[in-house]
Amino acid sequence: MRKKIIYILIFLFSSLSFGQKIKTITEFNKENDSLIKTRKTEFSKSGNLIKEVRFGGYDAISETFRNNVRIINYDNGHRVSEYNCEDFVAKDTCVIRSFSTYKFNPKTKIEKQTKYESDTLIRFIREVKRKNRMRISKTNSWEFVPVKEPDYEKALVLIDTSYFDKKNRLIKRLNYNSRIKEPYIEKYAYSKSKYTYQRIGTARDTTITFDYTKLQKKVDKRNLDYKFNSEDNYEYEIEYY
């Protein structure tokens, strides 16, 4: 009887912990004996990333701290707009550096993103479709020479095809560039404690192994758009709803 009670308590505790909705994750960089706040990310109760602030240093010219802010708005679970601005803290002013609009087609299941410069010139147009365990992204880009109207003949075309496993983890990505003959490949392999990233088909092919932390497993189970840095150099604070 006592064992059953213990098992029930453990089950209830784990269920409560997993059932909690993450509201914010704050990242601190370890510097000597101090913790420096570097990033704060906010999520809605449905798990959508709604705001991220990357904290910058003090700017002597503007006499204030300058932070980079990203804000995403949703409608019925789909993104409709995104803003990137530079926050001049002491002046309480966030200057728009770029922004995006999103349109989702319920028939084709395609999300279309148009990203603009602050002067409304178009930086790129991206269409994304996900089907089963595959995600296809096609981007027409004018990154270095933004345009007023899309000129697809002069655009750099990028096509990324991503594949996912049963746990919704990225396992392979094919990257096509219209100005390069052959695509390059990225592969991910996972174990209980680590995952390995491999890049093949470039002048700088590489293989890197990362520790798969408990914190990363926690957010991945909730399908949150968040990546933790090494716990050797960073600490994290999580706030729940």
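The values are calculated or read from the model by the stated rules, or taken from the named source; none is laboratory data. These numbers were taken from a predicted model, which means no experiment stands behind them. Positions of Cβ are backbone-derived with ideal geometry, glycine not excepted, and every protein chain shown enters the neighbour counts. The area values use the complete protein model at the heavy-atom level, side chains included, leaving out ligands, DNA and RNA. Shrake-Rupley method; radii C 1.70, N 1.55, O 1.52, S 1.80 Å.
Here are some notes:
- Taken over segment 135-153, residues that are open to solvent by 30 Å² or more (accessible area, probe 1.4 Å) and within 19 Å of ASN177 (Cα to Cα) amount to 11.
- Every listed requirement among (1) touching a strand residue (DSSP E or B) at 6+ places or on another chain (Cβ under 7 Å); (2) in a loop (DSSP other than H, G, I, E, B) is met by PHE124 save one, (2).
- Qualifying residues in segment 19-60 (those that are more than 18 Å from ASN84 (Cβ to Cβ) and of a type in the set (Lys, Arg)) - the one farthest from the chain's Cα centre (by Cα): LYS30
- Residues that are in contact with a strand residue (DSSP E or B) (Cβ under 7 Å, 6 or more places away or on another chain), open to solvent by 60 Å² or more (accessible area, probe 1.4 Å), farther than 24 Å from LYS129 by Cβ and in a strand (DSSP E or B) within segment 154-198 comprise LYS194, GLN198, listed in sequence order.
- Top-ranked residue of segment 100-122 - restricted to ones that are touching a Ser or Thr at 6+ places or on another chain (Cβ under 7 Å) and open to solvent by 40 Å² or more (accessible area, probe 1.4 Å), ranked as farthest from LYS148 (Cα to Cα): THR101
- Criterion violated by LYS129 - all others in (1) at pLDDT below 95; (2) closer than 30 Å to ASN76 by Cβ; (3) open to solvent by 70 Å² or more (accessible area, probe 1.4 Å) satisfied: (1)
- For segment 116-133, a residue qualifies if it is over 18 Å from VAL80 (Cβ atoms) and of a type in the set (A, V, I, L, M), and exactly one does: LEU121.
- All positions within segment 38-76 that are among the aromatic types (Phe, Trp, Tyr) and touching a helix residue (DSSP H, G or I) at 6+ places or on another chain (Cβ under 6 Å): PHE65
- Qualifying residues in segment 200-228 (those that are among the basic types (Lys, Arg) and modelled with pLDDT of 90 or more) - the one most open to solvent (accessible area, probe 1.4 Å): ARG204
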